[in-house]
Structure formats: structure tokens, C-alpha cells
Amino acid sequence: MDAQLDAIVVGGGIAGMVYATQLVDLAQGRPVRVRVLSKAPVQVSSSFAAQGGVAAVMRTEDSVEQHVRDTLTVGAGRNDPAVVRLVVSEGPALIRGLIGIGARFDANADGELDLAREGGHSAARVVHHRDRTGEEIVRVLHQRMTNTPGIEVMDGQRAIDLLVDGEGDQRRCIGVRAVDMRTGEVVDHFATHVILATGGAGNLYEHTTNPPTATGDGIAMAIRADVPVRDMAFVQFHPTALYAKKSGRVSLISEAVRGAGARLRGADKRPLMTGLHPMGDLAPRNIVARAIHHEMQQHAMPHVWLDASPIGSHRFAAEFPGIARDCAAIGLVPGRDLLPVMPAAHYLCGGVRTDDRGRTALAGLYALGECASSGLHGADRLASNSLLEALVIPKRAAQATLCEGLMAVPVPSRIQRTNQLASRTLELIPRAMATLTHTMTMHVSIVRTEEGLHQALREINHLDRQVRASWQRRRWSADMMDLRDLLTVARSVTASALAEPDSIGAHFILHGIRSA
Ligand code: SIN
């Protein structure tokens, strides 16, 4: 029998690592046992891939008021203003904390933090490490996490469902059921507190900047356990992914590139954003993504262009080495060549509804990072606010778990189950996955219609019936688990979009237009 765990963290990205390390730090020597279950090594996470950085007020010329205003403007007022103020106010100290444990952020000649500019921000306020900010933060946090006694990290664990005990008001999350992908064994992990930090669901769409692991697992598990979600309609498309014909993950070209002077160009290579918004190329993401989508439709183009000549190829290679490498792989030199770019699914603004400490409506269950909806983002997310949230809310969640008590709730011991992993996938699964991503891309993406949303819902329900039947036969493959979760999230996104009669933020709906 296992010693009882205080907390299980599902997901090993930045939000999960901040929670685990803060819990041990804040416990101040009291013994704490935390298990981090992760599907894949942290190098595969969205956290690791984050290019731009962390938005925070780090200079006296900037102010909390301005950052709050920008966040509310981009979120179209659907944010929780108290959460916005709290995250914006508490963030800078946590960035200094990261610097204190060795994070290297870029500095200017005077030794001050070099702050980049991104869309929707009225000031340069993005703390960064060239174009690999996520990698740098992951480096220091991972080192700290693996050197902290009391934190056990288990990779290759695919969580499939929450374990819930009790009825009505007495319901409590007591653990998580997961498949060990190396042995195929299904294991129930029990703990006093369960923390979902599983990231987003970019793989709902044909093109995404997210890693293959972004399959909405935590959100789907919460939905199946009747835990409320919020703002699911608001899927943010990043305006500038490097064009690729083939479906799947696409390379991101950070908004910081436009912040450094690059300009979007449409058909005939004319500047695309001129006259469309006072902030031009640095307008909020939903506005830029829609302008690109419109241009592509109008001119039957598969992409528009990003002109980085105002930056120049030498400066580009020095400041954005990762992006320069991705472009070089297809024979392009940014600064010299126009770059073909298109929007791609990037961030789910909604998620499992939480308070400002990451607590969900189900006792014992927390949600953090992209899988959560704390109220910070509203109807669209201000660039680089997500890493800020992933520093602030997990620390508060760690404080909350300590207040609730560590061994407060007796939970069962670990149960071993038999191997339920299928040795090969069913033919149906890849086909159903392709249908799902095509349906979401056609009907539930940048521009939506009511008819298209209804059509998508019918298709999702049809696919779900097929997958449910296979699931119940109890031979699961990795892609079946992903599809099951993506379908759950797809239904929630689509239903949430249908419940929004008017366009707002990242949800744009055309009325009176028949779907293609
Ligand atoms: C980017 O670097 O453009 C992405 C940053 C973000 O999504 O916040």
C-alpha cells in the first residue's frame, strides 16, 4: 500500500511545477507528498514551447492600471476584474522569484529587463528569454522540482478520469485514474487534493501551435465528473503560424516579431492591418486573426505574408533564433524573405471554472493554467498573460491546500487493475479524429455561423456514439483516449458558442449566412 499522498498534480507544465514546488516551500519543513503525473516529458509541453514570454509591470513608466485595462479590453469585459487586478499585481514579485532561482531573462545595455511588445498591450511589458521563454522557465522549475524531496514525478501517465466519492454536497474528488503507458496498467492514484494542470486542446483543429499532448484531458475529465466549465466558446487563434499544408502542429512566429517591427502583408503584398485598427499589426489577436482569415477567403490564398525586413536578417537571427531555425528548415531567411503565415489554434481562453485560488466547484479538485478558467482572460487572452497566470494562481492554490489541510481527508489506498491498453489502434479512430478536426476547423473556428455550429454538434454527437461503443469494450489505445477527451471538449466548445448569440472577443458569429 502507498503512503497517502497530499496532492496529485495531473500535468507537468509550468502551472503544475509552480504548484508542486510552492506547496513544499510554503509547508516550511512539514512533510508533504506530491505526485506529478505527466503524459510526456516536459519538453513536449505547451509551456516549453512558449516563445513570447510573461507579461508583467516591471518598469515605473508602466502601471498595474494600464495592464489591467489592456487585459479587460482584449477580454471584452468578460473577465473577472478582481482576478485580473490580483494576477497583474502579484505577478512581478513571482517573476523576480524566478530570477532569484536562476531564470535568465534578456536585459538591455543598462542591465534592465528588456521588455518586448505584443498584441493588445499599450506598453512594452513582456519579459522574455529570446524566443524561448517557456524553455527557460521550465529549465529552472524542473531543476527545482526534481531536487525537492517530497515531489515524485511520474512520466508516461495518461489520466483518464477523476475519482469522486460521495453524493450531493458531500461529493469530493479523491484521486485520478490513469494508464501507465509503458506497462498498460490502469492505476487509481488517491490523494487529499487533485490538481488539474493538463493544458489546452489545440488538437481540436487541423492546424495548431500546440504539442500533440494538448487534447483537453483535464477539461474532459472535469466535464465527465459534472464539474462546471466556463467560456469554452473562446478559442484563441494565433495570427501568425508558419504556413504548412499538412494538418497537425505548425511552427509559431511569435507576436514579439510584429512587436519588433514586422508587418503583415496581404494579396498584392500591401500592408494588411493599415486602417483596420488603431493598434495596426499589434491589435488584439482575434482582430488580426480575423483580418487574415478574411484576406485568405477573399483572395483564395492559403496564407498571407509577414514582412520582417524592418527587423533585418541579422537582428532577427539574434533575437529570434528558434523562429529563424524553423524558417531555415523550409529555405526562408526572415528579414530577407517574406514569410507565409496563417492563423492556427493556439489557446483555449475558457476551461474548468475556478476561483482565484484555483478551486473548482468540486471539493478537493483544483484546476490551473490553460485547462482552467480563473476569470483572468475573458473572451480573448491578452498576449503573454497566460504564463503570468501560471505563476500566480498555482502559488495561491498551494496556499489554499495548506489552509484546507494536508491529510484532512482519509482516502482509499491504491488499487491495481489489469492491463486495458490495446496493442493496436482501431481503424475507426484516426478517421474519426480527422473528421473531428475538419469539422471544428470548418464550423467552430475563427468565423462561425449558427447553422455551422449545429452541423458540428450533430457530427460530434455521431462520432461520440461510435467512440463510446468502442470505449465500453475496454481495450483502449492512446489515440482513443485522446479522441474521447477531444470529443467531450469539442461538444463543450460548440455548445458554448451556440449559447453566445453575439460576437464577442474570439467568438465571431455571422448571422443570416448559410454555412459552406
Ligand atoms: C507569442 O509569442 O506570440 C505567443 C505568446 C502567447 O501566446 O502568449
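The values are calculated or read from the model by the stated rules, or taken from the named source; none is laboratory data. As the structure is a prediction and not an experimental result, all values here were calculated from the model. Cβ coordinates were reconstructed from backbone atoms using ideal geometry, including for glycine residues, and neighbour counts include every protein chain displayed. Accessible surface areas use protein heavy atoms only, side chains included; no ligands, DNA or RNA. Shrake-Rupley method; radii C 1.70, N 1.55, O 1.52, S 1.80 Å.
Which whole-number value in Å³ per residue fits the convex hull of the alpha carbons of the stretch 101-223?
196 Å³
What accessible area, in Å² to the nearest ten, does a 1.4 Å probe give for K39?
Number for this one is 60 Å².
Find the accessible area per residue for the chain; the probe is 1.4 Å, ligands and nucleic acids are left out, and the unit is Å².
Value returned for the chain: 39 Å² of accessible area per residue.
Taking 8 Å as the Cα distance limit and 6 or more residues as the minimum spacing, I'd like the relative contact order of the stretch 254-345 as a percentage.
For the stretch 254-345, the relative contact order is 30 percent.
Find the Cα radius of gyration of the stretch 1-144, compare it with 2.2 N^0.38 Å by division, and give the number to two decimals.
Values: Rg = 16.9 Å, N = 144, 2.2 N^0.38 = 14.5 Å.
The reported ratio for this selection is 1.16.
Starting from a Cα-only point model with no solvent, please compute log10 I(q)/I(0) by Debye for the stretch 171-258 at q = 0.11, 0.12, 0.16, 0.18 1/Å.
After summing over all Cα pairs, the log10 values are -0.46, -0.53, -0.82, -0.94.
Which Cα, out of A361, L272, G350, lies furthest along the positive dipole direction of the stretch 267-410 (beta carbon charges, K/R +1, D/E -1)?
A361
Whole-Hz Karplus ³J(HN,Hα) for the stretch 124-136, in order, using 6.51 cos²θ - 1.76 cosθ + 1.60 and θ = phi - 60°, x for Gly and Pro?
Here the 3J(HN,Hα) series is 6, 8, 9, 6, 8, 10, 6, 10, 9, 5, x, 4, 5 Hz.
With no solvent and one point on each alpha carbon, what is the Debye value of log10 I(q)/I(0) for the stretch 439-516 at q = 0.13, 0.22, 0.26 Å⁻¹?
Normalising to I(0) and taking log10 leaves -0.43, -0.92, -1.16.
Determine Rg/Rh for the stretch 112-174; Rg is computed over alpha-carbon atoms and Rh is the Kirkwood hydrodynamic estimate from the same atoms.
1.22
For the full complex of protein chains and a 1.4 angstrom probe, list Y205, Y243 by accessible area with the highest value first.
Numbers: Y205 10, Y243 65 Å².
Output order, biggest surface exposure first: Y243, Y205.
Taking amide hydrogens as modeled 1.01 Å from N in the peptide plane, which residues meet the under 5 Å criterion relative to W476, leaving out close sequence neighbours?
L421, A422
Taking only DSSP H segments of four or more residues, each worth -39500 (n - 2.57), what value at 222 nm results for the chain once the sum is divided by all its residues, to the nearest 500 deg cm²/dmol?
-11500 deg cm²/dmol
Taking each pair of distinct Cα atoms in the stretch 142-295 once, what is the resulting Kirkwood hydrodynamic radius in Å?
When all Cα pairs of the stretch 142-295 are included, the Kirkwood radius is 19.2 Å.
Under 8 Å for C-alpha pairs, at least 6 residues apart: give me the relative contact order for the stretch 23-102, rounded to a whole percent.
In percent, rounded to a whole number, it is 22.
Measure out, as a whole number of angstrom, how far apart the alpha-carbon centroids of the stretch 298-312 and the stretch 377-399 sit.
Their Cα centres are 31 Å away from one another.
Checking the a/c ratio against 1.5 first, then a/b against b/c, what shape does the Cα gyration tensor give for the stretch 101-145?
Details: a/c = 2.92, a/b = 1.62, b/c = 1.80.
It is oblate, given that a/c is not under 1.5 and a/b is not larger than b/c.
Whose amide H sits under 5 Å from the amide H of G199, counting only residues 5 or more places off or on another chain, with H placed in the peptide plane?
HN-HN under 5 Å from G199: E370, C371.
Using unit Cβ charges (K, R positive; D, E negative) and no other charged atoms, how large, in debye to the nearest 20, is the dipole of the chain about its Cα centre?
My answer is approximately 940 debye.
Taking all protein chains together and a probe of 1.4 Å, list L421, L362 from the most accessible to the least accessible.
On the way: L421 35, L362 10 Å².
Descending accessible area places them as L421, L362.
Any idea what Rg and Dmax come out to for the stretch 433-476 if you just take the C-alpha atoms, in Å?
Just the Cα atoms of the stretch 433-476 yield Rg and Dmax of 12.4, 38 Å.
Using Cα-Cα distances under 8 Å and only pairs 6 or more residues apart, what relative contact order does the chain have, in percent?
22 percent
Would you report the distance distribution of C-alpha pairs in the stretch 331-389 as whole percents per 5 angstrom bin, up to the bin with the largest distance?
P(r) for the stretch 331-389, in whole percents per bin: 4, 17, 22, 15, 11, 8, 8, 6, 5, 3, 1, 0.
List, in order, the whole-Hz ³J(HN,Hα) value for each residue of the stretch 238-251 obtained from phi through the Karplus relation with A = 6.51, B = -1.76, C = 1.60 and θ = phi - 60°; use x for Gly and Pro.
6, x, 10, 9, 5, 4, 9, 6, 5, 5, x, 6, 10, 6
Mind grabbing the accessible area of H511 for me, 1.4 Å probe, Å², rounded to tens?
Here the accessible area works out near 110 Å².
Applying the Karplus parametrisation 6.51 cos²θ - 1.76 cosθ + 1.60 with θ = phi - 60° to the phi angles of the stretch 479-487, what ³J(HN,Hα) value in whole Hz is obtained for each residue in order, glycine and proline being reported as x?
6, 5, 5, 4, 5, 4, 5, 4, 5
Which value results for Rg/Rh of the stretch 228-355 when Rg is the Cα radius of gyration and Rh the Kirkwood radius based on the inverse mean 1/r?
On the way: Rg = 15.2 Å, Rh = 15.3 Å.
Answer for the stretch 228-355: 1.00.
Give the long-range amide H neighbours of R353: residues separated by 5 or more places, or on another chain, with amide H under 5 Å away, using H modelled in the peptide plane at 1.01 Å from N.
V229, R230, S373
D for the stretch 294-447, whole µm²/s, Stokes-Einstein with Kirkwood Rh over alpha-carbon pairs at 4 °C and 1.567 mPa s: what number?
It comes out at roughly 63 µm²/s.
Where the centroid of each part is defined by its Cα atoms, how far is the stretch 99-125 from the stretch 3-79 in Å?
Here the answer is 18 Å between Cα centres.
For q values of 0.08, 0.13 Å⁻¹, compute log₁₀ I(q)/I(0) with the Debye formula on a Cα-only model of the chain, without solvent.
-0.47, -1.29
Aspartates and glutamates near K39 by alpha-carbon distance under 20 Å, same-chain residues fewer than 8 away left out - which ones?
Partners within reach: E135, E152, D155, D161, D180, E185, D188, D217, E370, D479, D482, D485.
Cβ neighbours within 10 Å, averaged per peptide: list 266-275, 175-184 in order, most packed at the top.
175-184, 266-275
Please report the accessible area of M301 (heavy atoms, 1.4 Å probe, ligands and nucleic acids excluded) in Å², nearest 10.
Accessible area of M301: about 40 Å².
Which of the three applies to the stretch 1-63, rounded, prolate or oblate, going by the alpha-carbon gyration tensor with a ≥ b ≥ c and a/c under 1.5 meaning rounded?
oblate
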